[in-house]
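The values are calculated or read from the model by the stated rules, or taken from the named source; none is laboratory data. This one's a predicted model, so the numbers in the text were calculated from it and none came from an experiment. All Cβ positions, glycine included, derive from the backbone under ideal geometry; neighbour counts span all protein chains shown.
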Amino acid sequence: MTEQTKPITVLAVGAINEHVLKRLKSEFACVEIPAGNPSLLTPESAGQVRGLSTMTTQVPAALIDALPNLEVIANFGVGYDAVDARHAGAKGVMVTNTPDVLTEEVADTAIGILINAVRQLPAAENYLRAGRWAKEGPFPLTPLTLRGRKAGIFGMGRIGLAIARRLEAFGLPVAYHNRNPVAGVGYEYHETLTGLAEAVDTLISVAPGTASTAKAVNAEVLRALGSNGVFVNIGRGSTVDEAALAAALANGTIAAAGLDVFADEPRVSQALLDAPNASLVPHVGSASVHTRLAMADLCVDNLVSWFTRHRAITPVPETAHVAARKG
Ligand code: NAP
Ligand code: 8YV
């Protein structure tokens, strides 16, 4: 393959997974730029780019437009909100992502964050490490428990289903909200997110970051979740009105939250940092060596497949119609 692909220029945009970069450098002519800004390329080098890869760095329409021979964008991650995929599709540029290979890892993490939020395990560990167990006695009983809870999933897709299976094993009834009910899935469906929040006390968001999900988890949804409510976000920070969430945590509108993703990563709002009833982790949903390696391989395999077999392995829906160029 390398012989066939080596003359092809692939642009690595922004901070890129180490294994992705290693493979790009060995299998393609790899050019790195630190941001998705077209002014970082000369017109000559822009004209040579046929493939592009990004991890979390934005790939805006302006960058796509500045690369006249661009054929394919390989996104590291199943969520591809960093890439203007609609614009790519309109210009005949394929976009790929990394579904499935991370599903079980991210679902495991979601359950971990839920238990951390409900049973305060990070605080309990800090208590032990600070020597307080020996000095002050047992860690206080947690006011919250998973027992008797009913879970609602916002975004019952690949990862949502994997979370639901785990919740069932924990003995929790599951309901969900998507724009459309999922065929063959027996969980209780709610047409609206507020309706779902009213029906459950544990809301897990694993919805993608799109225009239609922006700040969908708002004050009304959190009020509907109620004072015993626990909110977990493993999807995208943009799906939450973070000011409303911080207020809901501070004034008892909901009881607790577990968050892996934030609106302005890697910055986390001070109001959330100040919330003792929020358990916060730095976007580690898929962050094991095992899973990141599988994602990296799928990301680069998509580029190799595009240039050698003229098809993408995992195209995103907005570009599923895009065909490889002849010649
Ligand atoms: P998926 O299979 O495409 O599932 C997404 C689900 O969200 C679909 O069932 C879709 O159903 C629903 N949805 C989309 N827009 C919606 C809207 N406006 N209102 C209600 N439901 C909506 O994707 P996945 O593989 O499960 O991944 C989901 C997301 O998880 C990714 O996009 C990514 O942002 C996030 N993620 C985070 C991490 C992490 O490390 N924290 C890791 C991996 C993924 P309908 O089309 O019927 O609405
Ligand atoms: C990645 C993710 O960590 O796949 C996704 O959508 O959010 C994570 O698995 C991220 O995309 C890149 O760091």
From 77, 89, grab the single residue that is of a type outside the set (S, T, N, Q) and not in a helix (DSSP H, G or I). 77
Of everything in segment 276-312 that's away from ligand 1 (no atom under 14 Å from the Cβ) and of a type in the set (D, E, K, R), which residue is nearest to residue 206 (Cα to Cα)? 297
Restricting to segment 248-260, and then to whatever is touching a residue at least 60 places away in the same chain (Cβ under 8 Å) and buried (at least 22 other Cβ atoms within 10 Å of the Cβ), can you tell me which residue is farthest from residue 71 (Cα to Cα)? 256
Report whether or not residue 263 is within 16 Å of ligand 2 (Cβ to nearest atom) and buried (at least 16 other Cβ atoms within 10 Å of the Cβ). yes
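Table: residues versus (1) out of contact with any strand residue (DSSP E or B) (no Cβ under 6 Å at 6 or more places or on another chain); (2) within 14 Å of ligand 2 (Cβ to nearest atom); (3) within 30 Å of residue 27 (Cβ to Cβ); (4) polar (S, T, N, Q).
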residue: 269; (1), (2), (3), (4): yes, no, no, yes
residue: 273; (1), (2), (3), (4): yes, no, no, no
residue: 301; (1), (2), (3), (4): yes, no, yes, no
residue: 306; (1), (2), (3), (4): no, no, yes, no
residue: 312; (1), (2), (3), (4): no, no, yes, no
residue: 322; (1), (2), (3), (4): no, no, yes, no
Kindly indicate whether any position in segment 176-194 is hydrophobic (A, V, I, L, M, F, W, C) and within 16 Å of ligand 2 (Cβ to nearest atom). no
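Identify the residue in segment 169-182 that is within 15 Å of ligand 1 (Cβ to nearest atom) and part of a loop (DSSP other than H, G, I, E, B) and, among all such residues, is nearest to residue 114 (Cα to Cα). Talk me through it step by step, then tell me what you get.
Here is the first cut: in segment 169-182, the residues within 15 Å of ligand 1 (Cβ to nearest atom) are 174-182.
Of the ones still in play, those that are also part of a loop (DSSP other than H, G, I, E, B) are 178-182.
Working: 178: 21, 179: 24, 180: 26, 181: 24, 182: 24 Å.
Among those that are within 15 Å of ligand 1 (Cβ to nearest atom) and part of a loop (DSSP other than H, G, I, E, B), it is 178.
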When you go through 16, 64 one by one, which is the residue that is surrounded by 14 or more Cβ atoms within 10 Å (Cβ to Cβ), in a helix (DSSP H, G or I) and at pLDDT 95 or above? 64
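Being at pLDDT 95 or above and surrounded by 15 or more Cβ atoms within 10 Å (Cβ to Cβ) narrows it down to one residue among 311, 236; which is it?
Just one listed residue meets the conditions, 236.
Looking at 32, 44, which is the one that is without any contact (Cβ under 8 Å) to a residue 12 or more places away in the chain and either more than 16 Å from ligand 2 (Cβ to nearest atom) or assigned to a loop (DSSP other than H, G, I, E, B) (or both)?
Details: 32 fails: without any contact (Cβ under 8 Å) to a residue 12 or more places away in the chain.
Matching residue, one of 32, 44: 44.
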Can you tell me which residue among 141, 167, 172 is touching a helix residue (DSSP H, G or I) at 6+ places or on another chain (Cβ under 8 Å) and on the phi < 0 side of the Ramachandran plot? 167
So which residues in segment 278-299 are over 22 Å from residue 163 (Cα atoms) and either in contact with a strand residue (DSSP E or B) (Cβ under 6 Å, 6 or more places away or on another chain) or among the hydroxyl-bearing types (Ser, Thr, Tyr) (or both), if there are any at all? 299
Please name all residue pairs, on different chains or six or more residues apart, with Cβ atoms under 6 Å, provided the first residue is in segment 117-146 and is outside any loop (DSSP other than H, G, I, E, B) and the second residue is among the charged types (D, E, K, R). none
Of (1) within 15 Å of ligand 1 (Cβ to nearest atom); (2) outside any strand (DSSP E or B); (3) among the aliphatic types (A, V, I, L, M); (4) within 23 Å of residue 283 (Cβ to Cβ), residue 185 satisfies every one except (4)
Residues of segment 70-90 being without any contact (Cβ under 8 Å) to a residue 60 or more places away in the chain, touching a helix residue (DSSP H, G or I) at 6+ places or on another chain (Cβ under 6 Å) and surrounded by fewer than 22 Cβ atoms within 10 Å (Cβ to Cβ), in sequence order, are 87
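Filter segment 28-56 down to the residues that are polar (S, T, N, Q) and buried (at least 20 other Cβ atoms within 10 Å of the Cβ), then identify the one that is nearest to residue 8 (Cα to Cα).
Step by step, filter segment 28-56, then rank; the result is 53.
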Those residues of segment 91-108 which are over 25 Å from residue 27 (Cα atoms), crowded, with 19+ Cβ neighbours inside 10 Å and either more than 11 Å from ligand 1 (Cβ to nearest atom) or not acidic (Asp, Glu) (or both), in sequence order: 103, 106, 107
